[in-house]
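K.L.:
This structure is in structure tokens; I'll ask about it shortly.
The values are calculated or read from the model by the stated rules, or taken from the named source; none is laboratory data. Just so you know, these numbers come straight off a predicted model, no measurement behind them. Using ideal geometry, Cβ is built from the backbone for each residue, glycine included, and neighbour counts are taken over all protein chains shown. Quick note on the areas: whole protein, heavy atoms, side chains included, nothing else; ligands and nucleic acids left out. Shrake-Rupley method; radii C 1.70, N 1.55, O 1.52, S 1.80 Å.
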Amino acid sequence: MKRVFSGVQPTGDIHIGNYLGAMRQFVKLQDDHECFFCVVDLHALTVPQDPKVLKEKTIELAALYLAIGLDPKKVTIFVQSHVPAHAELAWLLQCITYFGELSRMTQFKEKSKGKESVSVGLFTYPDLMAADILLYNTHYVPVGEDQKQHLELTRNIAQRFNNRFGETFVVPEPMILKFGARIMSLTDPTKKMSKSDEDPYNRINLLDDPSLIRKKIMKAVTDSESEIRLDWDKKPGVSNLLTLYSLFTEMNVEEVENKFKGQGYGTLKKELADVIIEKLAVIQQNYKELSRDYVLSVLKEGAQKAEAVAENTLKEVKEKMGLILR
Ligand code: TYM
């Protein structure tokens, strides 16, 4: 069975962009792949966090993994900091990554722009991500479009290591949807929907209640025309709403365009809100039924399973790089 690895940061609120772009794929992959899904708490530390909130968000994200339909009997769900091999391999990979490579990462450039104090961790973030993936000899990495550059760097690092020290890592392939890999903000559809946007109306969170979901959709930015069609250049707001409708109903976009032909934006928004509320209700109900103790027990077992695989890879890497084993 081919291996799959992906991670999500336990920061802010998990939104429908995270879900449609990445997490929903996790559920689809679990039946015919060996999957590892990680709550990447060490990545969260690259920008300041309130320690209490980070702890809560870590458990919340693990519970959401379960609530969207991941089955811990089929997949390994764990917290990144519970498996020390991640931080260790990240260091080793930093030693074969070039300063110039990390400087070219657009996510670093965006997140550090205009900030006075930027952590070194934010700079070396892609090495920790490469470590996450390479430790599990991952074949496929389901992610949204914004992670593409990090995946390319991961592939380069894996190839470089293999060339220098002998065949060790599987060179992973990104799995990025052709449609839906970049869900846009509801308030500014030229930007991606984001956990860190200050305006909460930019996104719909998986745990938003129905009335808030409806309010956010009704307020979503459209344009001054009235035609409902997919046109990202001229009509990014409407295109984003059409995309959401298509993804949530699993209808193709032409079908959705036809369905709403001749109708106003108000109708599209009302029906989209209905669909999102209905789909998220299932996740929210599952979420409510999960006890904290159960979630913690899943994470404990997950860390044990992940560690067994990760430690093996780490040992091989250390030996190949010239470190002596205990
Ligand atoms: P994070 O936590 O920012 O996002 C989690 C996943 O959601 C995707 N995503 C989106 N997809 C579509 N539209 C959007 N607007 C949108 N916003 C976010 C992201 O692409 C991601 O797949 N660096 C990663 C976490 C990570 C990771 C890894 C991922 C750490 N190690 C190893 C894969 C493999 C991140 O910050 O994702």
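K.L.:
In region 105-134, how many are over 18 Å from the mean Cα position of the chain (by Cα) and in contact (Cβ under 8 Å) with a residue 12 or more places away in the chain? Walk me through it before giving the result.
P.N.:
Quick first cut of region 105-134, residues over 18 Å from the mean Cα position of the chain (by Cα) only: 109, 112-121, 123-124.
Those left that are additionally in contact (Cβ under 8 Å) with a residue 12 or more places away in the chain: 119, 121, 123-124.
Result for region 105-134: 4.
K.L.:
Do the conditions hold for Lys288, that is, is it assigned to a helix (DSSP H, G or I), closer than 27 Å to Pro210 by Cβ and not β-branched (Val, Ile, Thr)? Write out each step before concluding.
P.N.:
Values: assigned to a helix (DSSP H, G or I): yes; closer than 27 Å to Pro210 by Cβ: yes; not β-branched (Val, Ile, Thr): yes.
So Lys288 fits the description; yes.
K.L.:
For region 123-146, indicate whether the set of residues that are in a helix (DSSP H, G or I) and open to solvent by 50 Å² or more (accessible area, probe 1.4 Å) is non-empty.
P.N.:
The initial filter retains those residues of region 123-146 that are in a helix (DSSP H, G or I), namely 123-134, 145-146.
Adding the requirement that they be open to solvent by 50 Å² or more (accessible area, probe 1.4 Å) leaves 145-146.
Yes, because at least one residue in region 123-146 is in a helix (DSSP H, G or I) and open to solvent by 50 Å² or more (accessible area, probe 1.4 Å).
K.L.:
Considering every residue within region 227-246, establish whether at least one is in contact (Cβ under 8 Å) with a residue 60 or more places away in the chain and within 30 Å of Glu56 (Cβ to Cβ). It would help to see each step written out before you state the result.
P.N.:
First pass over region 227-246, keeping only residues in contact (Cβ under 8 Å) with a residue 60 or more places away in the chain: 243-244, 246.
This time we only want the ones that are within 30 Å of Glu56 (Cβ to Cβ), so: 244.
Yes, because at least one residue in region 227-246 is in contact (Cβ under 8 Å) with a residue 60 or more places away in the chain and within 30 Å of Glu56 (Cβ to Cβ).
K.L.:
Of everything in region 35-72, what is without any contact (Cβ under 8 Å) to a residue 12 or more places away in the chain and either crowded, with 23+ Cβ neighbours inside 10 Å or not aliphatic (A, V, I, L, M) (or both)? Give them in sequence order. Even if it seems obvious, please write down each step before you answer.
P.N.:
So in region 35-72, the residues without any contact (Cβ under 8 Å) to a residue 12 or more places away in the chain come out as 48, 50-53, 55-56.
Within region 35-72, Pro48, Asp50, Pro51, Lys52, Lys55, Glu56 qualify.
The rows are residues; the columns are (1) modelled with pLDDT of 95 or more; (2) buried (at least 19 other Cβ atoms within 10 Å of the Cβ); (3) within 25 Å of Gly144 (Cβ to Cβ).
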site	(1), (2), (3)
Ser194	yes, no, yes
Asp233	yes, no, yes
Leu244	yes, yes, yes
Thr249	yes, no, yes
Phe260	yes, yes, no
Ile276	yes, yes, yes
Tyr294	yes, no, no
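K.L.:
Now, a different point. Pull out all pairs, ordered by first then second residue, where Cβ-Cβ is under 7 Å, the residues are six or more apart or on different chains, the first lies in region 142-166 and is within 14 Å of Phe108 (Cα to Cα) and modelled with pLDDT of 95 or more, and the second is away from the ligand (no atom under 11 Å from the Cβ) and not hydrophobic (A, V, I, L, M, F, W, C).
P.N.:
Gln149/Thr106; Leu153/Glu101
K.L.:
Check off (1) small (Gly, Ala, Ser); (2) surrounded by fewer than 17 Cβ atoms within 10 Å (Cβ to Cβ); (3) outside the structural domain of Asp71 (by TED's automatic domain parsing); (4) part of a helix (DSSP H, G or I) for Ser226 and give me the number that stays unchecked.
P.N.:
(4)
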